[in-house]
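Please read the structure below before turning to the comments.
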Amino acid sequence: MTVRVYLMPLVEGTRGNFTRRLPKYLSLVDGSKCTCLRYGEENVCLLVVNSTDAQHTALIANADVRAMPTDLDTVVTNGARTAIVNALEALNVPAHWVANGQTFRIVFRRLVGIFQLFQNLEGRKLRFLQASLDAQISTLPQAVRTGMQDAASALSLDMSSITGTTTLRAALATIGAQFDSRPVFACGISI
Amino acid sequence: MSVLFTDSGTGSDANPIGGSYVTLTGIGGLRRVSNKIANAAGSDTDSAAYINITTPNDQYCFGTPSTVGGRDGGPMVRCQTNAASGMLITDYNGTDVEAYALVAGSFGSFVDRDTGTYQTTSVVRFQAVGTTYTSKIDSTTINSFTDATFSSGKAGFFMYDATQRWGTIEVGDFVTGYTVALAQGSYTLTGQAVGFKAARVVSLTSGTYSLTGQATGMAMNHPIAIAQGSYIETGQAVGLRIDRRLSLSAGSYTNTGQAVGLKHGSNVSMAQGSYALMGLAVGLTYSGAAADVITIGMGSYNQTGSDAAADYAMNVASGSYALTGNAVGLAYGRKVAMAQGAYALNGQALGIRVARTMSMGSGSYAKTGNDVGLTQHAPAPRLNLVSGMYHLDGMQVTLLYSGMQGGIFGNIPFGWWYKQG
């Protein structure tokens, strides 16, 4: 069993007695510890699984599943960077900040940081991505801007460099970078 | 950690339970049936309620299932009061405990899964601290994960299947009563701070501290070390009581208004700095042993209004000292050593009483108004006035000493003596 991180869609599915939002391939890892880190109300998640090799093979056989290296301290290199950026941007996740030389652990934490902001907005019944990532903050609805500030405060984030002319893309990158030294608890361990 | 709410399950049947239980908006509530907590109806249905009490963001909820039934239910944390929202755990498959983020009751979003099973008499616990959630069955950790959907809310319970029953529900927080460490910075307390009690150590480092309004019960029973900085206390500070040692390092200290019970049980060391006491300073006393000392370093000291007795040795270093208004009972049981400097006494100075030796070094001494009772009593009657200018205005009553030994007024060196009035 090895703890691995996968990027995959969230879908509606039946779990127990309810229709619920589930990682698309959750059923392939039945019996294994897992934690789902949602991109708020968007249909994307990072699924952290303490998976068997067979489960891992079954997951990555799907074209819409991307796996991070098992060793998250692996450094991002040119080819990997391109693949990561293309995969995330296709899902409307800002990824321009991914850089060669970063570890996948940093990439993971920054993504989780961005996802946490979206989760907190979801909890306030707000949603960002009616807008383009290149939209300026000032063009977002007032309720969303207020919710963003409240969420940032709740998560102890520094928003001082984000102004009305900052794009949503740049703002999310600024937020994500503040999670470099914040470990994430998933599958019962600290990542 | 504090327990905020408990329910043993015992009580009259009720549907919904009511009282502290408030149904989550848009879904069924919880019933009390045969001294246990149950879902909303005798059939499987979504049911949830939060405990309507003041609950800190970091909170826990646990319960003990008396009948596990279908196991689809469990404690909730951070329930929202305006929607069917909150974090819940459930053991619906009897194999794993799964956590869900319920947002506006529409969908539960899967969050975490780990191996665990509810048993009757298990203590099933779910807690939130910051963005970290943990579930436990008895003392075994089951789920441990990060989620940021909710930052605050109230604890509660979720149940789906009709056959499960829960008793012994408890809600609590993680507030501890120990050390408060305030690092450098600005601290503003306004309004009422009831029960701000630090039973151990309060360390205040350099910075600006403003306390306004009423601070009842601000009791600190151990050392308070206050570092260099500015400290302003205005309004009423009832019970600002320090029973041990108060060390005030260099800085500015301003006390205005009423400071009842500003009491020092032992030593007060006041280093160099400016100290302004205005208004009533009742009970600025200390009741330690005879050897206790008030040491006032070089600086400017301005005392207005009334002051109580300081019965022990007072060493007054070089500096400027202005006493205005009433200085009743500024009594020295022992010695007053006044170093070089300027000393101005205005108004009434009753009972400035030096029972022993008063040594006045070189300097200027100006006294105006009434000086009743500026006396020096036996034994050890000695007034040493060194070379300098001594200017006495107004009424000069009873510059006496009642001893018989060694001359009349000790040594009065050559100098200019001028008396008016």
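Between B:Ser43 and A:Ala63, the FRET efficiency from the beta-carbon distance, with R0 = 41 Å, is close to 0.45.
Put a dot 7 Å past the Cα of B:Ala14, heading toward its Cβ, do the same for A:Thr74, and the two dots end up 5.8 nm apart.
Here the label points at A:Glu89 and B:Gln119, each 7 Å from Cα along the C-beta direction, are separated by 5.5 nm in the simple model. The convex hull around the C-alpha trace of the stretch A:42-191, projected and averaged over every direction, spans 9.3 square nanometres. Taking Lys and Arg as +1 and Asp and Glu as -1, the other residues whose beta-carbon sits under 9 Å from that of A:Phe104 total -1. Using r as the Cβ-Cβ distance of A:Arg127 and B:Ser34, and R0 as 56 Å, what FRET efficiency do you calculate, to the nearest 0.05? Approximately 0.80, to the nearest 0.05. With each label modelled as a point 7 angstrom along the Cα→C-beta vector, the A:Ser156-B:Asn93 pair spans 3.5 nm. Rg over Rh for the stretch A:1-44 works out to 0.95, using Cα positions for both radii and the Kirkwood form for Rh. For the peptide A:35-44, the mean number of other protein chain Cβ atoms found within 10 angstrom of a residue's Cβ is 4. Take every pair of alpha-carbon atoms less than 8 Å apart whose residues are at least six positions apart; their mean separation over the length of the stretch B:1-68 yields a relative contact order of 28 percent.
Counting other Cβ atoms within 10 Å as a rough exposure proxy, the listed residues B:Met87, B:Met1 run B:Met1, B:Met87 from fewest neighbours to most. Give me the net charge of A:Gly123's neighbourhood, meaning all other residues with Cβ under 12 Å from the Cβ of A:Gly123; Lys, Arg count +1, Asp, Glu -1. Here the count lands on +1.
Every read-out reported here was derived from the displayed coordinates using simple, explicitly stated rules and does not represent laboratory data. Treat the numbers as computed from the prediction; the structure is a model and nothing was measured. Cβ sites come from the backbone with ideal geometry, for glycine too, and all protein chains shown count toward neighbours.
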